[in-house]
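What follows is one structure encoded as structure tokens, with my remarks underneath.
The values are calculated or read from the model by the stated rules, or taken from the named source; none is laboratory data. None of the values given here were measured: they were computed from a predicted structure. For the accessible areas, the whole protein counts, side chains as well, though only heavy atoms, and no ligand, DNA or RNA atoms are used. Shrake-Rupley method; radii C 1.70, N 1.55, O 1.52, S 1.80 Å.
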Amino acid sequence: MTADYRRKAAILTWSAIVVGALMAVALVVSVIFLIRADQDTRDAAYGYLALVLWVGIAAAVPVLLALAIPAARMRRRVREQQR
């Protein structure tokens, strides 16, 4: 394994971690928006913002998979090569 291959594996891994963290933050924020929208009818727009975040999360799932699966395979190959 070349150093470039290991570097790309690390970049893919950290990219997947960042996307997953952003998705988790979006989920928490959407729940907060739903709670706020439920408290007062004048804040109903927060419910729509929560829906927009859920669409964003759903759109990010394929991106997360596209990053995480190759990263896992590449890191496994690097570990096997180091043995």
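Brief remarks on what is shown
- Here the gap between Arg83 and Ile11, fully extended at 0.36 nm per residue and compared with their Cα-Cα distance, gives a gain of 23.7 nm.
- Per residue accessible area in Å² of the chain, where ligands, DNA and RNA are left out and the probe is 1.4 Å: 74
- Evaluated at q = 0.18, 0.23, 0.27, 0.32 Å⁻¹, the base-10 log of the normalised Debye intensity for region 33-82, with identical point scatterers placed on the Cα atoms, takes the values -0.65, -0.79, -0.88, -1.01.
- Between 0 and 90°, nearest 10: helix 3-39 axis offset from the chain longest Cα axis: 10
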